[in-house]
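The values are calculated or read from the model by the stated rules, or taken from the named source; none is laboratory data. This one's a predicted model, so the numbers in the text were calculated from it and none came from an experiment. Cβ placement follows ideal geometry from the backbone for every residue including glycine, while neighbour counts extend to all protein chains displayed. The area values use the complete protein model at the heavy-atom level, side chains included, leaving out ligands, DNA and RNA. Shrake-Rupley method; radii C 1.70, N 1.55, O 1.52, S 1.80 Å.
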Amino acid sequence: MPTPPRRLGARRRRPAVLAMAAALIAAGGLGGAVLYNSSGQRIAVLALARDVPMGQVISSDDLVVAHIAGDPALHPLDAQDLRGTIGLRATTDLKRGALLVKSDLTSDPATQPGQQIVGISAKRSQLPATRLQPGLQILIVSTPDSGSGTATRTPETMTAVVAAVGKPDTDGSTVIDVAVGPADGPKLALWVAGGKFQVILAPRTAGGS
């Protein structure tokens, strides 16, 4: 039995269908590329190259330029702000890899007008394990000998702000400059002269400063 001839219309429609499918695929790919380019535009911003503790002055080694996709929900500092960022202090603990935002930095000095700067030479056992940085608020506690009759009383404390931290000496002691109120300077000097004091970290405020 002879095979019936194929219809000419079906033969013509198949190439047309293939061409239409190819056009749709190409259009879809082009649309995806346009969408990626519009939503994936990358901008240069500032990020942390290493951990920076609260109160520390920002240096160029602390920062790196990162390229990220623009997002209206993010407000990192532009890479062009690099020069103006160096020399500012961190208002909170900054972690490596995090994007830098305006609220992370302040130009306020670590000390306030009228405060006195007192140098403290402290042993390792008199300091917290956390490394002290300029801008950190600390409490200095007087620790007199038990024979003085004040051991059972509530210890005297004094609020201070770290102004500068020296390098540890060969014996492990470290000199720390702290800022205190005008009335507290002489008293703290007496505590330091007697060597009977302890430095502890003050509680952080809700705002982290």
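Points worth noting:
- Residue list for region 72-81, filter: part of a helix (DSSP H, G or I) and open to solvent by less than 60 Å² (accessible area, probe 1.4 Å): 79
- For region 29-54, filtering for residues that are at pLDDT below 55 and either hydrophobic (A, V, I, L, M, F, W, C) or closer than 21 Å to residue 74 by Cβ (or both) leaves 8.
- Qualifying position, being free of Cβ contacts under 8 Å to residues at least 24 places away in the same chain and under 30 Å from residue 42 (Cβ atoms), among 96, 89, 83, 153: 83
- Flag if residue 145 is closer than 30 Å to residue 49 by Cα and either in contact (Cβ under 8 Å) with a residue 40 or more places away in the chain or not β-branched (Val, Ile, Thr) (or both): no
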